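Trainee: Before we start, here is the structure in question, set down as structure tokens.
Just so it is clear, none of the values below were taken in a lab; they were calculated from the coordinates. The model shown is predicted, which means the values in this text are computed figures rather than measured ones. Glycine gets a Cβ as well: all are built from the backbone with ideal geometry, and neighbour counts include every protein chain shown.
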Amino acid sequence: MSDVVEKTLTALPGLFESQTGAAKITNRLRQLIKSITELTSKHEEENLIKRELSAIKEQVSSPNTTMKQMREIMVRAMYCEMLGYDASFTYIHAIKLAQQGGVLEKRVGYLAVSLFLNEGHELLLLLVNTVLKDLQSTNLIEVCMALTVVAQVFPKDMIPAVLPLVEDKLSHPKEIIRRKAVLALYKFYLIAPNQVQHIHAKFCKALSDKDPGVMASSLHIYLQLIRESPDSYKDLTGSFVTILKQVLGGKLPVDFNYHSVPAPWLQIQLLRILSLLGKEDQSTSELMYEVLDESLRRAEMNHNITYAILYECVKAVYTIHPKAELLEKAARCIGNFVLSPKINLKYLGLKALTYVVQHDAKLALQHQMTIIECLDHSDFTIKRETLELLFRITNAQNVTVIVEKMLDFLRSCNDEHTIIHLIGKVAELAEKFAPDNSWFIQTMNDVFSIGGDLLQQDVPNNFLRLLAEGSESKEEDDQLRLYAVESYLTVLKGHTSHLPQCFLQVMSWVLGEYAHLQESVDRREVIRLLTQLLDQRSVSSETRVWILSALTKIPEGQTDLILDLAESLSSSQDTVLRQQAQELRHLSQDSQLREWVLPRGAPWDGIEVDSSLSFLDGFVSEALAAGAAPYKPPHQRQEELCEDRALNLEPYSFSLPVSLSSCSITDRQSPTLLSVSSGLSGNSAELSQKAGSSTLILEGVKRVWGKDGYLPQKEATAPPVDEPSAAVQPASQQEAAERIEPRPEPSTQNQDKQQLASSLFVGLGVGSSVSLLGKSEAPPPRFRKKPRPHESSSSSGTSKRSSDSSSHSSRNTTDSFLYGSFPEEEPATSISTFDHTPKSTTANGLSQNKDTKEDRHANTSQILGGDMVIVRPSTIQDKHPPSVSSDLTALLPADLKDLPHSDVISLTSDPSLSLSSCRLFRDEALLLVIFISNCTETVIKDVAVQLTCEELKTASLRGNVMDCLEARSTSVCHYALLMDDPHTNVSLTGTVSYQTQPGHTNTLPFSGTLSTADFIRPLVVTTEEYGKLWLSLSHDVKQNLKLLTDAGDPLRTTLNALKDALQLHVVDIIGSEGIVACRLLSGAPCLLHCRVNGAALAMWLRSPHPALPDFILYHCQRALAHH
Amino acid sequence: MIKAILIFNNHGKPRLIRFYQYFLNMQLQIKHLCTNKMAEDMQQQIIRETFHLVSKRDDNVCNFLEGGSLIGGSDYKLIYRHYATLYFVFCVDSSESELGILDLIQVFVETLDKCFENVCELDLIFHMDKVHYILQEVVMGGMVLETNMNEIVAQVELQNRMEKSEGGLSGAPARAVSAVKNMNLPEIPRNINIGDINIKVPSLSPF
């Protein structure tokens, strides 16, 4: 520091004297700066600034301070703020200065404001009027200043105030104003896109502005717009190409040249725009080939900025629809970058390679020696970028080398950000390509110990999930687990004090869960090691809890040790630990209880979690009776907080999991799906996380575009042997490296490097590069996670299990047939083949697959024909029933006349008979009354009615067989229908057989559907009973429904509408909440809790029956929709 | 977009700080929890960390750095140049060209050199406000406004002339002062023969 001080002091006098006129530094500022430079400690500086600030405070509040002094005070305040001291009392004075002063004062004032105040500072409101005034000023400089401050600090909500004026400035005669206005509008677009939507046409005008500067500024906007939606701007491609051509052709004034390159920054922008436009669009790309070619050709000069253009050009060439000639040139350019001695260019070359390697893995091969050199480069950034590149080319063959390199780098790295970023990638690679168990566990150990507590939580989570769920074969899983246990025991025997908490947690979980697999190690030893951890000071209390739960799981027999431990912990200060210790003691004394709580080896996905915590209901109701406030779930609390906002906060509505959505073609006709979805809702968060991670695993580097254009999924088995000479066979890599590299003397060092190269770039040759990069042919990840049973029923483990578990009857045959044709060793691929990609298997498998598919298809349609076709004509619930004389109801038996009943509707008819039906709602059953009318003048004999329905229990009560039916008379038969399991719609089919002439039997088929609504009965309970019942029910569903708002009391109207449609019992309406009860015939009750939430009705249903709430909800929705 | 421009000396003393985006602590990212004060503390922290990162690097390594954890995100990058006693650091996101920014720094420094005649650290110390005015003509609200040095110098000189004229008029009657303030200063010719430029955007359909 001393030399600077010295230099400053010697330079000071001269500097001050050289200043003339108004720009002369006033005494105070000179003193301030001088005294700061003389200081020797931070402490002194603090004192000095404090004194300075109090002096400023005094001055600003003094009425005698002139504007000029004020300007100087502001600069001093800015200086203090820059050094990190708080000068917030000057903020208001900065605004005042901008408001009241002349141009010079304004300039300082605006500068201070834009430095002091961040977006959204409340003082900014005071500035709006000033800015408005200045925007309208005739003084160019004032307008410029206003535009600058607007672009710098104006928040979203203040934009409308200035927008019209800024917009006007787009047609200002001065080009500098137009440019600043364009940029200000761009800034507005970034923070509030919808507010500037209407001026898109004006952006267009700016693009065609006669001043190139204005045009260049408008490219900012277009770049952003095109990035967001490239398709809407394809028609501008021609314009951009023309502009670029003219720039390249030197049509711009010389003024725009920078180191004799015409408008380089403009070129960069244009190239970026073009690459966005041409992405995956052949016809648009064709427009730009020529200009890109010219760009590549022109950028020959050896200056930094030409490389900047080249880099953009190369990126564009690889982004747009490929053209072989251009790709070749671009590849050569990348070579120039990578081989350049300039370190900046090398960096960009590596970046370009990382980008390009997804399209063309061969380039990495070409530059393998350079990449190796970069790996040992002294520059941190270069190393990191190289590892990024290696990450992209990792495959099963080079994974060990690459991961080792990455770990080496990480061990010597101390930048947190880099560690987090890279360690995640290591974990990803390890999971994806691990060659064997021991390597995997060892690598993960490194990941945990290096990443430590910086690790993102999903790394340990994924790892544990992988161990727990395992893959297809139990034997393999156990081996992996066993290896993990062994390795952790070794780790724990060493020094443990430096291990990160996260690693300790993982270890204790694994030991708790799987220590029993290791027969040779004494359990006492495991317990001892874990207990030892507890004694360490560095172990956090969260980790202690993990360790204790591990100790709880390690089985019986060691009661004495455990009891000692529990004893010592029961006096711990940490309540959670104390609780755990209590549990530990209880469980270790009661082995039966423990067996029940922690079943050994229970399947992971078989664990059923009672998410509604119904076992606590007794406790809760006691507490409620004692006057406790009822529990409100978090979402309800939140809803109440933001009552006025009618946001849908219900997470799991009717959006079904993807695997099920394919079935829901029939507009949610089949409610069984709903019940599945609600069954899933409990663990769907977990599910989605899992789904996310498994897609991560399957993610491969996709190769879509190649040298010769689009690559239509080439077969791995047929490598293109007739590729040009550039094709490097994997076996001859060494040779290739020699050929490409201008190799000096083969020193031993070089040989080492080449050895490294061959291990790094193995598997990147032509034949295997296709298989590596083609998504479908990527080697199956070693640790494939086991799919959950309900995720897709077809892809579970081995053939046997799969056929056992398949639920569809038709599957069994297909599966066994299919497995017959595949070798047992690769069930994973054969299964996925079966489901999605028959094309990637051998020809033999393909044809058989097709057969089976057809088989299956036939089967399914048969099933459809069997029970799923809904017979639409002549349904009972037809919207416009044919008018039937209502006097039919008079024929109802006397004992049924008083029951509530539906309208009589016609079922079917033929010349001799006509059938109608009526539904009667009895408490315990639905009575279906069928009226059979003889329409002829003759007697019809032997009339017999047969009714079948698979979903319902039917019982004929009377009158289904008649010996004769007199002319013009009607007979009545009725059935009692019972529904045990709810279905939304139940179809009935039946026939009536009769004889008009002896010996000649006619049959008249009829069919109809019934809805669950017919089986719902009101449940009359009091509010207290409702409350008790509510707590005892376990299955619940929540959903927002439409609220009928056309009447005065929306809630009441809606509930009444529901009551009419569904025979519900409205128990009570209190304020904005209503409780409603019903039951399925005389069976399972269902309670509905309705609350008005903005414009919606938040419905919460509970029932002991898992599926019932869904059906009732479905009917409520329908009823409201039809209302 | 340029997120921040920092200039500090070899000892980490800030010489110019310009933030175009307010970096806030990740936990406090929810807007209303962040006061001006917090944003400023954050800024100081960023300056310290950036200095720490940049000063460790030799002169023969590349001029790019992936952002530290404070500036955050792999999208952000530090691009810097080291001149004698000063570091010029631009923090940018991925939408800027690395080499382009590197040359923009060069343009900025050359402009400073032209305005101050052999610029040195002291010029930056004593004319912090002027440096800001020059920067405002190069970068506006995080977007590159002008890359042409002559143009930047012309704009700055326009403002300086105004300053000088006011200095001379300081004793004049108030009416004269306000007349000067409101006068429409003559535009500096741009040396562009507009007739030469025939950039035409054909058939721009309204969108």
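Trainee: Just for the Cα atoms in the range A:198-319, what are the lengths along the principal axes, largest first, rounded to whole Å?
Mentor: Extents along the principal axes, in whole Å: 42, 31, 19.
Trainee: For A:R528, A:R537, A:R585, what ranking results if the residue with the fewest other Cβ atoms within 10 Å of its Cβ goes first? Mind showing how you got there, number by number?
Mentor: Details: A:R528 13, A:R537 5, A:R585 19.
Listing A:R528, A:R537, A:R585 from fewest to most nearby Cβ atoms yields A:R537, A:R528, A:R585.
Trainee: Residues of A:133-142, mean number of Cβ from any other protein chain within 10 Å of their own Cβ, rounded to a whole number?
Mentor: Across the residues of A:133-142, the mean count of other-chain Cβ atoms within 10 Å is 3.
Trainee: Note the full-extension length gain between A:E46 and A:S1072 as 0.36 nm times their separation in residues minus their Cα-Cα distance, in nm to one decimal. Intermediate values should be presented prior to the final figure.
Mentor: On the way: separation 1026, 0.36 × 1026 = 369.36 nm, distance 6.00 nm.
The A:E46-A:S1072 span can extend by a further 363.4 nm.
Trainee: To continue, here is another question. Could you order the peptides A:1012-1018, A:490-496, A:319-325 from most to least packed, using the average number of other C-beta atoms within 10 Å per residue?
Mentor: Values: A:1012-1018: 21.6, A:490-496: 13.3, A:319-325: 18.7.
The most tightly packed comes first, giving A:1012-1018, A:319-325, A:490-496.
Trainee: Hey, with R₀ at 22 Å, roughly what FRET efficiency would A:Q479 and A:S591 work out to, going by the Cβ-Cβ distance, to 0.05? Walk me through the numbers before you get to the answer.
Mentor: Working: r = 29 Å, r/R0 = 1.31.
Using R0 = 22 Å, I get an efficiency of 0.15.
Trainee: Could you tell me the distance between the Cα centroids of the range A:231-260 and the range A:905-972, to the nearest Å?
Mentor: Using only Cα atoms to place each centre, the spacing works out to 84 Å.
Trainee: Ignore the peptide's own chain and count Cβ atoms of other chains within 10 Å of each Cβ in B:92-104; give me the average, rounded.
Mentor: Details: counts 0, 0, 0, 6, 1, 14, 7, 16, 11, 2, 5, 9, 3.
The shielding value for this peptide is 6.
Trainee: Calculate the mean, over all residues of peptide A:206-214, of how many other protein chain Cβ atoms lie within 10 angstrom of the residue's Cβ. It would help to have the intermediate numbers written out before the result.
Mentor: Details: counts 0, 3, 5, 2, 7, 5, 4, 7, 0.
Mean shielding count: 4.
Trainee: If you wrap the range A:291-347's Cα atoms in a convex hull and average its projection over all directions, what's the area in nm²?
Mentor: On the way: hull surface 14.3 nm².
For the range A:291-347, the mean projected area of the Cα convex hull comes to 3.6 nm².
Trainee: Hey, with R₀ at 51 Å, roughly what FRET efficiency would A:H259 and A:N461 work out to, going by the Cβ-Cβ distance, to 0.05? Don't jump to the answer; show the numbers that get you there.
Mentor: Working: r = 53 Å, r/R0 = 1.04.
My answer for the efficiency is 0.45.
Trainee: Is any residue of the range A:976-1014 close enough, with backbone N under 17 Å, to a label point placed 7 angstrom from the Cα of A:A944 along the Cα-Cβ axis, and if so, which?
Mentor: Backbone N within reach: A:990-1006.
Trainee: Sticking with this one: Give A:K57/A:K96; A:K251/A:K279; A:K383/B:K77; A:K245/A:K346 a once-over and call out the pairs whose C-alpha atoms are over 23 Å from each other.
Mentor: Numbers: A:K57/A:K96 15 Å; A:K251/A:K279 28 Å; A:K383/B:K77 16 Å; A:K245/A:K346 29 Å.
Checking Cα-Cα distances, A:K251/A:K279; A:K245/A:K346 exceed 23 Å.
Trainee: How large is the charge dipole for the range A:985-1074, taken about the Cα centre, if only the Cβ atoms of Lys, Arg (+1) and Asp, Glu (-1) carry charge, to the nearest 20 debye?
Mentor: On the way: 6 positive and 9 negative charges, 55 e Å.
Here the range A:985-1074 has a charge dipole of around 260 debye.
Trainee: Measuring from label point to label point, each 7 Å out along Cα→Cβ, what is the A:H198 to A:V961 span in nm?
Mentor: 8.2 nm
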